[in-house]
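The values are calculated or read from the model by the stated rules, or taken from the named source; none is laboratory data. Keep in mind that what you see is a predicted model, and the values were worked out from it rather than measured. Don't worry about glycine lacking a Cβ; one is built from the backbone with ideal geometry, like all the others, and counts go over all protein chains shown.
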Ligand SMILES: [Zn+2]
């Protein structure tokens, strides 16, 4: 049976599980009161959420119907602005985030101020895994790289579902494995691969998650993520622009030839894409990226 929950608020989920009209109505009510809730809690967000009407977070869409329905009343759409800090440097973050169109990065910051990205997370993943698996404080900053929407859930609600030992637990443990693979691969990449190759890999990973070929990014921002000087990013971007792979103007990079970008990327892109495609293999055998 096709499962498609259509509500007045425009929230939909399509897979082969049973529908639950009551749960969709509960979320619809949540959508209507989100503005009030956000103001009362003082949660820092950008404008009102431009929700795209279709659930696209791959962890949530992979949940069997009954597991998803138990989380459904707790899901709250939010909009996150570029550069926004998400406070994961806390022993007990209040919310777990499931990105939809937003792209978020874990960034390591050293005492001398230099930075390097440890992970990039979009609709294939979640923010707050460490809070679910343990209570230890994380050592990295979590910041929005590409503005967009996400669904947030109170950490305690996810912990309760995780403790039941069902599909959510299996899914999040699988995601934890893929996340560790990303940490390990990016550590190697940061040390051994050239800036131009790394820039290609990074732009491809961002585009996979942002699902837009036009990325609002400055060279300064990219340099902070790659842990290199801005001049190095500009040199690499010039080579890619001259080859016709990208174009850029102030604070905006457009991917013109994705195939060329893939052939210019380091091996890390394919390795990481395969890792998350294995986790999220769809019913017709295709991956998510
Ligand atoms: Zn690499």
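Tabulated values for the structure
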read-out	value
Residue count, the range 186-233 (criterion: away from the ligand (no atom under 15 Å from the Cβ), in contact (Cβ under 8 Å) with a residue 60 or more places away in the chain and under 20 Å from residue 109 (Cβ atoms))	3
Elements of type strands (runs of 3 or more DSSP E) in the range 56-134, at least 3 residues being within 22 Å of residue 218 (Cα to Cα)	103-109, 115-121
Hits in the range 258-281 - residues which are more than 16 Å from the ligand (Cβ to nearest atom) and farther than 23 Å from residue 195 by Cβ	277, 278, 279, 280, 281
Qualifying residue in the range 119-126 (condition: within 16 Å of the ligand (Cβ to nearest atom), modelled with pLDDT of 95 or more, outside the structural domain of residue 223 (by TED's automatic domain parsing) and buried (at least 18 other Cβ atoms within 10 Å of the Cβ))	yes
Matching option when the condition is within 27 Å of residue 54 (Cβ to Cβ) and without any contact (Cβ under 8 Å) to a residue 60 or more places away in the chain, among 155, 142	142
Flag for residue 244 being in the same structural domain as residue 102 (by TED's automatic domain parsing), away from the ligand (no atom under 13 Å from the Cβ) and more than 25 Å from residue 148 (Cα to Cα)	no
Any hit, the range 262-275, residues being touching a strand residue (DSSP E or B) at 6+ places or on another chain (Cβ under 8 Å), at pLDDT 95 or above and farther than 30 Å from residue 132 by Cβ	no
Subset tally (residues that are in a strand (DSSP E or B), touching a helix residue (DSSP H, G or I) at 6+ places or on another chain (Cβ under 9 Å) and more than 22 Å from residue 120 (Cα to Cα)) for the range 227-252	1
